[in-house]
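Participant: First, the structure itself, so that you have it in front of you.
The values are calculated or read from the model by the stated rules, or taken from the named source; none is laboratory data. Fair warning: this is a prediction, and the values are worked out from it, not measured in the lab. For neighbour counting, all protein chains shown are included, and Cβ atoms are generated from backbone atoms with ideal geometry for every residue, glycine included.
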Amino acid sequence: MNVEQQSATMPAIQVENLSKTFGKGESAVTVLKDINMQVAGGEVVGLLGPSGSGKTTLLQCLGAVIDPDVGRITFGGETLFNDGWKQQDRRALRRDHIGFIFQRPYLIPFMDATENVAFLPMLQGKSNKQAYQRAHDLLELLDVAHRADAHIEQLSGGEQQRVAIARALANNPPVILADEPTAPLDSQRALTVMKLLHEMAQKSSAAIIVVTHDENIIPLFKRLYRLRDGILHEELQQAD
Ligand SMILES: Nc1ncnc2c1ncn2[C@@H]1O[C@H](COP(=O)(O)OP(=O)(O)OP(=O)(O)O)[C@@H](O)[C@H]1O
Ligand SMILES: [Mg+2]
């Protein structure tokens, strides 16, 4: 079974007993202590916690950007990490399974907005026409299509972030990890982005984790995780 088939029955994201320490000896700091979490396909969960509590570190572990020390990560029932990565080629893992929205929009400066979104579907083997159409549709949904031909340095911070969000969604990844995606956006656009993420979750059964400090969007999550002193706590809330 491939990841998509399995995800119908298994939690799309499952984390068991994951820990991460930076540094060694006396300067060692354990940022994540025995973390357990589960996110279903189609679910959007919030991840909160004070600055420095390890939110980005946790997303980077799940996104195969950095290595956890121990623990287990499974996507759709497929074990990706079990005290070590199962798959040698983590680029392919990131490209095919994970949409990462970083805390800052890392875009490719010599490409225009459309190219920044279209190149991932192209890497996945889509035709130029399909990839550009996908990029155009996403830029339109994110209200930045009027800047489609602009180079990155000509875009405002919020426009760059919306292009970066479009890029993360371009391959319909089953797992979307969003690190403060709405921080550089005004409140109306922040709500648009959250609506789009919820639509993505429903349409493609993606499992989405959103790190946020944004008081306006916190009420939109049915389920929240909060990191405090390295420990992850789960909270349920009444969502709108
Ligand atoms: N590569 C690294 N080497 C050493 N320490 C690190 C490294 N990356 C992160 N840290 C430390 O781990 C802790 C958690 O950092 P992290 O970036 O995950 O926090 P955060 O919750 O995302 O904070 P913020 O809300 O400010 O983005 C911090 O104390 C940070 O300094
Ligand atoms: Mg962070």
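Participant: Every residue in region 25-40 that is of a type outside the set (Asp, Glu) and over 12 Å from ASP69 (Cα atoms), please.
Facilitator: Within region 25-40, GLY25, SER27, ALA28, VAL29, ASN36, MET37, GLN38, VAL39, ALA40 qualify.
Participant: Sticking with this structure for a sec: Answer yes or no: is there a residue in region 201-222 that is of a type in the set (D, E, K, R) and closer than 15 Å to GLU43 by Cα.
Facilitator: yes
Participant: Have a look at ALA183, ALA201 and point out the one that is among the hydrophobic types (A, V, I, L, M, F, W, C), at pLDDT below 95, surrounded by fewer than 22 Cβ atoms within 10 Å (Cβ to Cβ) and outside any helix (DSSP H, G or I).
Facilitator: It is ALA183.
Participant: Let me ask another. Looking at ASP112, ASP69, ASP89, which one is acidic (Asp, Glu) and in contact with a Ser or Thr (Cβ under 6 Å, 6 or more places away or on another chain)?
Facilitator: Matching residue, one of ASP112, ASP69, ASP89: ASP69.
Participant: Among residues belonging to region 2-22 that are at pLDDT 95 or above and surrounded by fewer than 22 Cβ atoms within 10 Å (Cβ to Cβ), point out the one that is nearest to ligand 2 (Cβ to nearest atom).
Facilitator: Step by step, filter region 2-22, then rank; the result is PHE22.
Participant: Just give me the residues in region 120-156 being among the small types (Gly, Ala, Ser) and either at positive phi or under 19 Å from the mean Cα position of the chain (by Cα) (or both), in sequence order.
Facilitator: Scanning region 120-156 gives GLY125, ALA135.
Participant: Test ALA178 against the stated conditions and say whether it is in contact (Cβ under 8 Å) with a residue 60 or more places away in the chain and buried (at least 24 other Cβ atoms within 10 Å of the Cβ).
Facilitator: It is true that ALA178 is in contact (Cβ under 8 Å) with a residue 60 or more places away in the chain and buried (at least 24 other Cβ atoms within 10 Å of the Cβ).
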